[in-house]
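S.K.: So that we are looking at the same thing, I have put the structure below in structure tokens.
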Amino acid sequence: MTDIRIWEGPSKNHSGSESEQTRRSFLRTGAAAVGGMAALAAALSPLRELSSDDVPNFDEFLQKHYKAMTPEEMEAALERIRKKVEDRYAVRPHLRDVKPMEGVEFVYALNLSRCIGCRKCVHACVAENNQSRSPEIQYIRVIEMPRGSLDVEKGNHHYDHPTVPDPSHFYMPVQCHQCANPPCVKVCPVEATWQEPDGITVIDYDWCIGCRYCEAACPYWARRFNFAKPSLPREQLNPNMSYLSNRPRERGVMEKCHFCLHRTREGRMPACVEICPTGSRKFGNVLDPKSEVSEILKTKRVFVLKEDVGTLPRFFYYFDERYPNTLDPEAVAIAERLKAEEGDAYGCLPGAAGPRKDFVASSTPEWWNGART
Amino acid sequence: MQPRPEPVPPIVAGAVPGSRVDAAWLGWSLPMGFVALAMVLFALSRDGEMTYAPAAMVDRGDLVVKPRRAAMSDPAHILVDGSPQNCNGCHQIFQSNSAAGANLNFHGDIRLLHGLNNRCTNCHDPENRERLTLRDGASVPFAQTPQLCAQCHGTVFRDWERGTHGKTLGSWMTHSDAQRRLNCNECHNPHSPKFEPTRPLPGPNTLRMGAQPASPSHDHGQMHSPLQRWLRELDAAKTMNSTSKGGHQ
Amino acid sequence: MRTYLTFLFRCFRLSFVGDARYYAWMFLLTVFVLLGINAYCKQLVYGLATTGMTDQVSWGFYIANFTFLVGMAAAAVMLVIPVYIYKNRELHDLVIFGELFAVAAIIMAMLFVTVDLGRPDRFQHLMMRFNFPVSMLTWDVLVLNGYLLLNLHICGYLVYCAYRRRQPSKIFYIPFVFVAIVWAISIHTVTAFLYSGLGGRPFWNSAVVAPRFLASAFAAGPAFLILSLSVLAKFTTYRVPEKAFLTLRNIVTIALAINMFLLGSEAFTEFYTDSAHGASAKYLFLGLHGRTALVPWIWTAIALNLVAMVLLFMPLSRKLPVLQTASVMLIVGIWIEKGMGMIVPAFIPTPLGEIVEYLPTMNETLVTLGIWAGGILIYTILVRVTVPVLTGRLTEDQDFEAATTASSAAAEHAEVHP
């Protein structure tokens, strides 16, 4: 064993001249200190790669929580963001803070009988909401489910058939359910996410600290985290944006579906609804009894995903009743019987229409023969 | 090395004869170690750049919002060699073979796959080809297609009227002028109403490290469940049935 | 005040004094700390993409270690309880080492949470909009900081009194000791509630999580104390009474047995019910759809824990080397079981049934090692300055010179007569 003490008191000398010993010891101490500092500097050196764009400036650092900002402060924040977007993407965005409408509560309904799993909604959403393209962030997941089960664990997220729908499956898209009792809001330690009066759960991207507790809490796997700095090609930026929805995000914060609130709070449809080629997606104000979603809730058998976790989603799934196929004799027979027993049970048109017995019962219906002449 | 004159004699390791050189050498090893570490860290400092799975290739054309298909104009016309022609222009001259719905001499682009409803004049007004006909013989314009379809598809028509079937564009606000509910023939081709299978857009690739290999036993649960097997068999039987039926027609 | 500053300065100087082994040890720890800092800087620059975490498995190694360390910190009171409740005077001074360890463990735990944040630069938001009492995370912030302060106060006060050669005034620390006992239980309970309160994660959503956490903590924490007291006995003049080891051994044995029982209860419920909610447990213990990344780990952990438990129940483990072996085994076992075995499987499969496995990256591992090294560095320094004070070699009127030589002498002594 050897004594390599660096910090040696001057009174403690070994053999040899005291001054020389002290000098050496001092030299070694100094060298160790310098070496240590060099190593620390080297350890910190990756920070050189941080661009000024990544580091929050003073105003951003002091920016208040969404709910604490006065209108003037909000305008200042919006202007700051506009400038940042312009610097980054060379596009002057139409950025504003869209407030919820009075007397509106948004509800979404999705017809599982109609969805064909084409994933257009997924990509329309990405295009609308300025998500990172690489690494990829998507709000909607379409799950291919085997018939006879609603257990998502049996589903396939990565189906890759040449064409859809695959006859032995049905398709279940999942996105944020905008729960009325949202577990994600409950767990956020800094109130960076909350539920708005119109039922949309939003995130203040400038307030989120990125702990990902909400991501762990969400039973629908609806939340996404910016693990890296989002990358979005300039020409694909959607300049129509709002503070709480699709403005470009920073690295290290959460994001999720917000029912396209910059569109829907101005009366438009969410991007996923508009792009859906089958009309499976329905959106509207549940407080309006004439809205499509109100009609669906009234007349269809709807269900919500994971009702047992008590989240009270505002996102409903439904199947169509099996429409009696007028060309299927058996179905028509049933429909006829039910119509006789229950009136409009199968929704056959009163009066004029409704499948006629002779339409199918006879191989050559009378009107058919007539048509030939 | 002599014992040292401290009050409490330190039995330090250095008190071994001949260890002075080692002591100096080892004493320098600490700063040297730090310097070596600094060099290693500097060398590794840029070694953190991440690579991510490339962005999904999506044709922007697939994301344009528009009705699924262009409905027939009202009054109806078709393009012949690029120029619009009204229907009666030909149909008043040529006698149409309305009996043979499946193999048309003209209108070669029409594939009539509407089940048993395979005669042109079930829907088209035989007197005026620019209009449609209802079952009771009434002649209606093309704009009133839903009334025509409703004759057979009552439940769907009911749902469409309520807004629970079909597609609405423009606005979710029921009182808004921008709201437009598409007609039957803006989504369904009346001659072949069932939607054609379509190519799905790219699947998710949200794993930065690239997709994990397909799960080795993905059909777990399906293969073993008798219910699942039963459903599959039923499916297979149905498919066979319908193809044979189709062949017969 | 001046005296106190002198005390702090003397402690600071003392932490740089030691023999070759001390330097080698400190250098090694420093190297890992610097590697960790380097890795964390990369994480700051490139984001949490440098970790193995994904949207699917959104918590990983960091939170796993955090959970484990909160338990270790809580377990420091397992020395306090016999002393202050059962008046076991022999262990009196050892309490300080337990609490010093709690301090180091809490600091590590808080560092692990900090490195897990996507935006550490927004930490001040916690002060400005604190979602208390709704968010369990805010509870955790409060109890962890409170526990840190409590322990700093208790051992700081006792050590400073020894330095001043004063009898500690009971009123200044006994109430805090009792608060700390309850508080220790609370920190781990709150940490367990962090997970068990999430209805969307059936694997965590179980009432037995908190008791399990406490049981495993009260096994792993004292086991760590056994090891650190062994080191203390070997390398310093500090005399560790044999009774301390035996008391700790009893605690560890009982706690480990309870932990294994609770683990068994959990496993029974999951597997006998065999519902869809058991998918995560199936993934952990058996693998799911052919994916088995965690299976070898959890069985290793169970094997280690079982062997340690058998060893501890045998009289053989009254021998120190056997006790140490068992301690190492159960610390590793519980670290796996409670860290990777508790946190990661809850994310697999995802709530939407997707199976994405998790493996920490090199960068993430380096950050983790760096924090561990930093914590152990802090603990080493704390012990380094505490021992001379408690043995009366560093006092107000006696600077560290004598203390230095004494501790070196002790080290040498231990070398000669192990």
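Read-outs: derived from the displayed coordinates by stated rules, not from any lab. These numbers were taken from a predicted model, which means no experiment stands behind them. Because the Cβ atoms are built from the backbone with ideal geometry, glycine has one as well, and the counts that use them run over all protein chains shown.
S.K.: Pop the C-beta distance of A:ARG88 and B:PHE195 into the FRET formula with R0 = 30 Å and round what comes out to the nearest 0.05.
M.R.: Using R0 = 30 Å, I get an efficiency of 0.15.
S.K.: Right, here's the next one. Using modelled amide H (1.01 Å from N, peptide plane; none on Pro or chain starts), what sits under 5 Å from the amide H of A:VAL142, excluding residues fewer than 5 places away?
M.R.: Here A:VAL174 satisfy the definition.
S.K.: Moving on. Given the options C:LEU35, C:ALA109, C:HIS125, identify the residue whose Cα lies farthest towards the positive end of the charge dipole of the stretch C:1-130 (+1 on Cβ of Lys, Arg; -1 on Cβ of Asp, Glu).
M.R.: Highest projection toward the positive end goes to C:HIS125.
S.K.: Starting with the fewest neighbours, write out C:ARG239, A:ARG24, B:ARG119 ranked by other beta-carbon atoms found within 10 Å of each beta-carbon. If you can, show how the numbers build up before the last one.
M.R.: Values: C:ARG239 10, A:ARG24 16, B:ARG119 19.
Taking fewest neighbouring Cβ atoms as first place, the list is C:ARG239, A:ARG24, B:ARG119.
S.K.: Ok, one more. Apply the Karplus parameterisation 6.51 cos²θ - 1.76 cosθ + 1.60, with θ equal to phi minus 60°, to every residue of the stretch C:308-314 and state each ³J(HN,Hα) to the nearest whole Hz, in sequence, with x for glycine and proline.
M.R.: Per-residue couplings from phi come out as 4, 5, 4, 4, 5, 6, 8 Hz.
S.K.: Still on this structure, I have one more. Calculate the mean, over all residues of peptide A:242-254, of how many other protein chain Cβ atoms lie within 10 angstrom of the residue's Cβ.
M.R.: The shielding value for this peptide is 2.
S.K.: ³J(HN,Hα) across the stretch B:85-93 via Karplus (A = 6.51, B = -1.76, C = 1.60, θ = phi - 60°), whole Hz, x for Gly/Pro?
M.R.: Along the stretch B:85-93, the couplings run 10, 7, 5, 5, x, 8, 5, 7, 8 Hz.
S.K.: Right, another one. Return the single residue from C:GLU266, C:GLU90, C:GLU354 with maximal mean-square fluctuation; model: Gaussian network over chain C, springs between Cα atoms under 10 Å.
M.R.: Maximum among the listed residues: C:GLU354.
S.K.: With no solvent and one point on each alpha carbon, what is the Debye value of log10 I(q)/I(0) for the stretch A:89-140 at q = 0.21, 0.22, 0.23 Å⁻¹?
M.R.: Log10 I(q)/I(0), no solvent term: -1.03, -1.05, -1.06.
S.K.: Counting only other chains, and only Cβ atoms inside 10 Å, what mean value do you get across the residues of B:121-130?
M.R.: Working: counts 5, 3, 1, 0, 0, 2, 0, 0, 0, 0.
Mean partner-chain Cβ count within 10 Å for B:121-130: 1.
S.K.: I would also like to ask the following. List the relative contact order of chain C as a percent without decimals, with contacts defined as Cα pairs under 8 Å and 6+ residues apart.
M.R.: 30 percent
S.K.: What is the count of Lys pairs in chain C whose alpha carbons sit under 25 Å apart, if the two are 8 or more places apart or on different chains?
M.R.: Pairs that pass both the separation and distance tests number 7.
S.K.: Would you please give the residues with an amide H less than 5 Å from that of B:HIS165, counting only those at least 5 places away or on a separate chain, with H modeled from the backbone geometry?
M.R.: The list, which skips near neighbours in sequence, is B:TRP160.
S.K.: Under the Karplus relation 6.51 cos²θ - 1.76 cosθ + 1.60, θ = phi - 60°, what is the ordered set of whole-Hz ³J(HN,Hα) values for the stretch A:169-180, x standing for Gly and Pro?
M.R.: 10, 10, 10, 10, x, 10, 8, 4, 8, 6, 4, 7
S.K.: On a 0 to 90 degree scale, rounded to 10, what angle separates helix C:320-335 from the longest Cα axis of chain C?
M.R.: For C:320-335 against chain C, the angle is about 40 degrees.
S.K.: Which far-off residues, 5 or more places away or on another chain, put their amide H under 5 Å from the one on B:ALA71, with H placed in the peptide plane?
M.R.: Amide H to amide H, under 5 Å and 5 or more residues apart or across chains, B:ALA71 pairs with nothing.
S.K.: Taking 0.36 nm per residue of sequence separation and subtracting the Cα-Cα distance, how much length would be gained by fully extending the chain between C:VAL295 and C:ARG89, in nm to one decimal?
M.R.: Working it through step by step, the gained length comes to 69.7 nm.
S.K.: Here's another thing I want to ask about it. Direction-averaged shadow area of the convex hull around the Cα atoms of the stretch B:74-186, nm²? Can you show the working numbers first?
M.R.: On the way: hull surface 35.0 nm².
If you wrap the Cα atoms of the stretch B:74-186 in a convex hull and average its projections, you get 8.8 nm².
S.K.: For an R0 of 60 angstrom, estimate the FRET efficiency from the Cβ-Cβ distance between C:LEU149 and C:LEU359 and round to the nearest 0.05.
M.R.: Numbers: r = 37 Å, r/R0 = 0.62.
Between C:LEU149 and C:LEU359 the formula returns 0.95.
S.K.: Can I ask one more? How many Cβ atoms of partner chains, on average, are near each residue of A:111-121 if near means within 10 Å of its Cβ?
M.R.: 4
S.K.: Let me ask you something else. Need one number: convex hull volume per residue for the stretch A:106-318, Cα atoms only, in Å³.
M.R.: Dividing the Cα hull volume of the stretch A:106-318 by its residue count gives 127 Å³.
S.K.: Which percent of the Cα-Cα distances in the stretch C:303-386 go past 16 Å?
M.R.: The share of Cα pairs beyond 16 Å in the stretch C:303-386 comes to 70 percent.
S.K.: Which of these, C:GLY287, C:GLY353, C:GLY221, has the largest mean-square fluctuation under a Gaussian network model of chain C (Cα springs below 10 Å)?
M.R.: Result for chain C, Cα springs under 10 Å: C:GLY353 fluctuates most.
S.K.: Okay, next question. Which of the lysines could be linked to A:LYS300 by a straight reach, that is with a Cα gap under 24 Å, when you skip same-chain ones fewer than 8 residues away?
M.R.: A:LYS282, A:LYS290, A:LYS339, B:LYS167, B:LYS194
S.K.: Something else now. Dipole magnitude of the stretch C:2-416 about its Cα centre, charges +1 at Lys/Arg Cβ and -1 at Asp/Glu Cβ only, in debye to the nearest 20?
M.R.: 880 debye
S.K.: List B:ILE78, C:ILE336 from most exposed to least, where exposure is judged by having the fewest other Cβ atoms within 10 Å. Before the final figure, lay out the partial values.
M.R.: Values: B:ILE78 16, C:ILE336 23.
Ordered by Cβ neighbours within 10 Å, fewest first: B:ILE78, C:ILE336.
S.K.: Counting other beta carbons within 10 Å of each Cβ, put C:CYS41, A:CYS257 in order, fewest first. Before the final figure, lay out the partial values.
M.R.: Working: C:CYS41 22, A:CYS257 27.
Ordered from fewest to most neighbouring Cβ atoms within 10 Å, C:CYS41, A:CYS257 come out as C:CYS41, A:CYS257.
S.K.: Return the ratio Rg/(2.2 N^0.38 Å) for chain C, where Rg is computed over Cα atoms only.
M.R.: That works out to 1.00 for chain C.
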